[in-house]
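No lab work stands behind these numbers, since they all come straight from the coordinates. Since we're looking at a predicted model, the values are computed, not measured. Positions of Cβ are generated from backbone atoms using ideal geometry, with glycine treated the same way; all protein chains shown enter the neighbour counts.
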Amino acid sequence: MPADTLTERAALAPIACVLESQMRWNPDDHEPNAYEHGTATTKGTIVFTNRRKHSVLIYALDPVGRRMHRASIRPGGSFSQLTLRSQPWVVVERGGIDFTDRPLSIWRLADVDAATVVACIE
C-alpha cells in the first residue's frame with residue numbers, strides 16, 4: 001500500500017485471544033532497520049488506551065510467539081509504540097482474586113490503512 005494512501009489515524013478492531021498461539025511475525029519479511037528507516041507500508045504507531053477499571057499489561061509477541069512485556073497501563077491511561085505492521089500485540093488484564101492474568105485481546109496494524117492506529121481496551 002503506497003504511503004500516500006494511508007489515513008492519518010484510525011480505530012483498530014481486536015483479534016480473538018484464542019488465536020494467540022497462531023500469531024507470528026517474521027522480521028525477515030521487512031527491509032533492514034525497518035523500525036528506523038521503514039516506509040509507511042512496513043511500520044506505524046499503535047496507541048493503546050485503557051478504558052477498563054483495572055490495569056492492563058501490554059506484550060509484543062516475538063517471532064516464535066513468546067510474550068515480551070512492553071508496558072503496564074493504569075485505568076484511563078495510554079501507551080504509544082512505533083511498531084511493524086505485522087507485529088502482534090497482546091493485552092492482558094492483571095490477575096484478580098486468583099492472581100491469574102487473563103488475556104483480553106490481540107492487536108495488529110496489518111489490515112489497517114493508517115499511520116497511527118488507536119486500540120481501545122474495553
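For the reader, a short list of remarks on this structure follows.
- Spin-label pair Thr45-Ser72: with each label point 7 Å from Cα along the Cα-Cβ axis, the two points sit 2.5 nm from one another.
- The stretch 54-93 shape via C-alpha gyration tensor axes, a/c threshold 1.5: oblate
- Under 5 Å, built H, 5+ apart or other chain: amide partners of Val118: Ala10, Ala11, Leu12, Val47
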